[in-house]
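Bear in mind these aren't lab numbers, they're just calculated from the coordinates by the rules spelled out. Remember, predicted model here, so these are calculated numbers, not experimental data. Counting neighbours? That spans all protein chains shown, and the Cβs are built from the backbone with ideal geometry, glycine included.
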């Protein structure tokens, strides 16, 4: 790696933030009687200081611009800051930079209090060695001063990365190499005119520029567990959407199932017509499907730096076949060691719900499959096996959530618990 200290702009470089910025700017302008503007026109607010933008774009006086900045922050501090999403590929880039020993700073003209809030909520904070931004009292934040402070804090061989001319000019003013990114809000022409050392069209291209032949970090593996009917389908959708908002490229899969071969095994296992299937046969079929899924989908996705979300994994077999079928938790775990090797979830969501309530919800939704036709005692044993498994002290990866709450409350609790674990990986 040529650079050992990486300075990132925020808006348009790490995050896609136009909704929060443009809507807050429109709110402020309209509050002062400046109407008729569109969100598209107000994308020009992304990058330069707010005070200067209200003057240049809306033709406000100094006094009006001061009032507009205050009004902007009314909305941005409560709503706008969260109207944000990380560009796909940024988590993998940051993880790879840290894997190779780089120091990382955020150097932004956004008030530091907002930048810190965004960095924490969207999973950027764990990768940052420094975060530099102005305080609220600064009307004309100098990007050159911000870049200088960040570079001096971390030392090393720095490079400044941003999507607007202000970022490039800020780096050049300090004699620092710059990389302009044109996947954000600036154009290639703007970045070239500002004198960018290099220009990246995509996050992938930026990653290759920074890392060269250095090794990349792997992805993250998340699984979701719980009794049939506990709400997994709904919460899986919420989890995938959340991960995508954090900038992850997500591979969704399920068990039994995965690729075409694993899906054929799924059909065999769950077909109600297979009433004579022995418990041991069922356990081996689950392991066979899992072995296929791991090698065909999960491992390749992790090696490519993606986030894998799997609807059930080994824990389900330990609970359903080990507990429900009484084949023994240790025996089922041993059976699956060859199937999965060292490919195990980094984070597991366990939606906790008593079996009688979960099954009632499940059976009211659609025709039951072969396992769902079992007696209530089977599901009680499965539930107790789950509870015993996830009660172990070494299960720090498990985020247990009360699934009996409202859907919204389950989602909020689940995502908070996932973030707590994910951001420490």
Quick shape check on the chain: root eigenvalues a ≥ b ≥ c of the Cα gyration tensor, a/c under 1.5 is rounded, otherwise prolate if a/b tops b/c, else oblate, and it reads prolate
Residue-span extension gain [residue 373 to residue 249] - 0.36 nm each, minus C-alpha spacing:
41.0 nm
Given a Förster distance of 45 angstrom, what is the FRET efficiency for residue 234 paired with residue 2, based on the Cβ-Cβ distance and rounded to 0.05?
0.45
Quick one, what does Rg over Rh come out to for the stretch 171-273 if you take C-alpha atoms and the Kirkwood Rh?
1.21
Could you tell me the largest-minus-smallest coordinate of the C-alpha atoms of the stretch 18-82 on each of the three principal axes, in descending order and whole angstroms?
29, 21, 21
Dividing the Cα radius of gyration by the Kirkwood radius, what Rg/Rh value follows for the stretch 84-129?
0.96
Under 1.5 on a/c is rounded, so check that first for the stretch 77-158, then, if it is not, pick prolate when a/b is larger than b/c and oblate when it is not; a ≥ b ≥ c are the square roots of the alpha carbon gyration tensor eigenvalues.
oblate
Checking 201, 115, 334 against a Gaussian network model of the chain (alpha-carbon springs below 10 Å), the top fluctuating residue turns out to be 334
Counting DSSP beta bridges with both ends in the chain, the antiparallel % (nearest 5)
5
Helix 112-121 sits off the longest principal axis of the Cα atoms of the chain, rounded to the nearest 10 on a 0 to 90 degree scale, by 20
For helix 62-78, what angle does its Cα long axis make with the longest principal axis of the chain, in degrees from 0 to 90 and rounded to 10?
10
For a footprinting-style exposure proxy, rank 347, 340 by other Cβ within 10 Å, fewest first.
340, 347
FRET efficiency, 1/(1 + (r/R0)^6) with R0 25 Å, evaluated for residue 43 and residue 153 via beta carbons
0.25
Starting from the Cα of residue 278, step 7 Å toward the Cβ, then list every residue of the stretch 319-336 with an amide N under 20 Å from that point.
320-336
Given the options 29, 193, 141, state which has the largest fluctuation in a GNM of the chain using a 10 Å cut-off (strictly under) for Cα springs.
193
How much of the DSSP bridge set in the stretch 1-130 is antiparallel, in percent, rounded to the nearest 5?
25
Taking only the alpha-carbon positions of the stretch 375-425 and ignoring solvent, what does the Debye formula give for the base-10 log of I(q)/I(0) at q = 0.14, 0.22, 0.26, 0.32 Å⁻¹?
-0.48, -0.91, -1.00, -1.07
Taking Cα atoms only, helix 407-422 is inclined relative to the longest principal axis of the chain by an angle, in degrees rounded to 10, of 80
Contact order normalised by length for the chain, with contacts defined as Cα pairs under 8 Å and 6 or more residues apart; what percent is it?
16
Just want to confirm a number: the relative contact order over the stretch 220-422, from Cα pairs under 8 angstrom separated by 6+ residues, in percent.
32
Which value results when the Cα radius of gyration for the stretch 130-189 is divided by 2.2 N^0.38 Å?
1.13
Most fluctuating residue of 41, 64, 112 in a GNM of the chain with Cα springs under 10 Å: which is it?
41
Quote the relative contact order of the stretch 18-82 in percent (integer), defining contacts as alpha-carbon pairs under 8 Å separated by 6+ residues.
48
Which of 350, 37 has the fewest other C-beta atoms within 10 Å, and how do the rest follow up to the most?
37, 350
Per 5 Å bin, what percent of the C-alpha pairs of the stretch 220-422 does each bin hold, from zero upward?
1, 7, 16, 21, 22, 18, 11, 4, 1, 0
